[in-house]
1. Go through (1) open to solvent by 30 Å² or more (accessible area, probe 1.4 Å); (2) under 23 Å from the mean Cα position of the chain (by Cα) for Ala123 and report which single condition fails.
2. Within the range 80-107, restricting attention to residues that are in a loop (DSSP other than H, G, I, E, B) and open to solvent by 30 Å² or more (accessible area, probe 1.4 Å), which residue is farthest from Asp65 (Cα to Cα)?
3. Is it the case, given these coordinates, that Ala247 is at pLDDT 95 or above and surrounded by fewer than 14 Cβ atoms within 10 Å (Cβ to Cβ)?
4. Being open to solvent by 70 Å² or more (accessible area, probe 1.4 Å), part of a strand (DSSP E or B) and touching a residue at least 60 places away in the same chain (Cβ under 8 Å) is the filter here; which residues of the range 190-212 pass it?
5. Of the residues Arg171, Arg187, Arg179, which single one is outside any loop (DSSP other than H, G, I, E, B), in contact (Cβ under 8 Å) with a residue 40 or more places away in the chain and within 19 Å of Glu107 (Cα to Cα)?
6. Say whether the condition of being open to solvent by 30 Å² or more (accessible area, probe 1.4 Å) and either closer than 23 Å to Cys77 by Cα or within 18 Å of the chain's Cα centre (by Cα) (or both) is met by at least one residue in the range 272-287.
7. Test Thr312 against the stated conditions and say whether it is of a type in the set (Val, Ile, Thr), in contact with a helix residue (DSSP H, G or I) (Cβ under 7 Å, 6 or more places away or on another chain), open to solvent by 40 Å² or more (accessible area, probe 1.4 Å) and modelled with pLDDT of 95 or more.
Amino acid sequence: MAPGREVAVFGAYGHTGRFVVAELGERGYMPLLLGRDRDKLLALARTRPGLVTRRASIDEPTSLDRALRGATAVINCAGPFASTAAALVTAALRAGIPYVDVAAEIEANLDTFRHFAAPARAAGVAVVPAMAFFGGLGDLLVTTVLDGAAAADEVHVAYGLSSWRPTPGTRAAGAVSARRRGHRRVRYTGGQLEYHDDALPTLEWPFPAPLGPRRVIGEFTMADVVTVPSHLAVPRVCTYLTAAAAAELSAPDTPVPTAVDERGRSAQTFVVDVLVRAGGTHRRLAATGQDIYAISAPLAVEAVDRILTGRTRAVGVASAGAMFDAPDVLAALSPCLSLRVPSEPAPVGLGPEPSHLR
């Protein structure tokens, strides 16, 4: 293994962490297995002989410093990120290495932008939060659709999931976010986040194949309301989730994901359909793939690879669309992600001037 290829993975034994560890190995990197639970680290190491384990706790800064020694970057896969992100970013800045995470928590991502923009820029260190299915992929699609433009009237990101079997980490992160916002709902409109108790609307979204038209819940707000406006002038960002998947997410007895292939992916498929409205026109782009947790691994590892090889467009804290050449990243992900421009009619009634969407 050539020097400079060691990438620390905090939460390596978690569901997404295992995908990230495997992806790093396939890309020629040496994963350093980090986490809080020594027994789980050793159990993972037994399945991947030759990999180094390093116990570290967010409550022990010196343990993080020891764990990151010799690493060229760190990928944080351990949620809830409201608890882990700040400590890991701080440790990465002390070590002078890039930080990438797969956080879907709106509040945790906001914290990263607010608290670390100036320190990361001053240190010349790249920090990329939400480089994952929620937040990162949508941002890359929106940026690609805008094709160099820096503004739009509205952005709509519809998540079409064939099913959603949430991991314990997803449930824990969701509970933390709900408590932080006082169990209120959140929307991004008028160029800012609003918290409310209104009932969420439902509508039919014409997803392209293989999903097809599905009922979705509107204002089922995801991390895109942080990543997209962080670098694009868009006063309204709205995200949607298929109603059936939302019901599975909220049901307490929904089982965890079950592997169906040699990569450990579940049978879940997804379509992320992005619609951007500017003036009287709209443009769409959709991405399809398998397993929302598994796809976060190539997203995060691609980010690390581009940072370490100097293929970046920003310094400090930046979302995927601001840090990288978005169309080029999506092209690089073609083995696990398919892109298409939907031919189905755009949904109506999304904004203040729905006739523009017909």
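1. Ala123 satisfies every listed condition except (2).
2. Going residue by residue through the range 80-107, those that are in a loop (DSSP other than H, G, I, E, B) are 80, 96-98, 102-105.
Adding the requirement that they be open to solvent by 30 Å² or more (accessible area, probe 1.4 Å) leaves 96, 104.
Working: Gly96: 11, Ala104: 25 Å.
Ranking the qualifying residues of the range 80-107, first place goes to Ala104.
3. yes
4. The one that is open to solvent by 70 Å² or more (accessible area, probe 1.4 Å), part of a strand (DSSP E or B) and touching a residue at least 60 places away in the same chain (Cβ under 8 Å): Glu204.
5. Arg187
6. no
7. Working: of a type in the set (Val, Ile, Thr): yes; in contact with a helix residue (DSSP H, G or I) (Cβ under 7 Å, 6 or more places away or on another chain): yes; open to solvent by 40 Å² or more (accessible area, probe 1.4 Å): yes; modelled with pLDDT of 95 or more: yes.
So Thr312 fits the description; yes.
The values are calculated or read from the model by the stated rules, or taken from the named source; none is laboratory data. Bear in mind the structure is a predicted one, so any value in this text is a computation, not a measurement. Glycine gets a Cβ as well: all are built from the backbone with ideal geometry, and neighbour counts include every protein chain shown. With ligands, DNA and RNA removed, areas are computed over all heavy atoms of the protein, side chains included. Shrake-Rupley method; radii C 1.70, N 1.55, O 1.52, S 1.80 Å.
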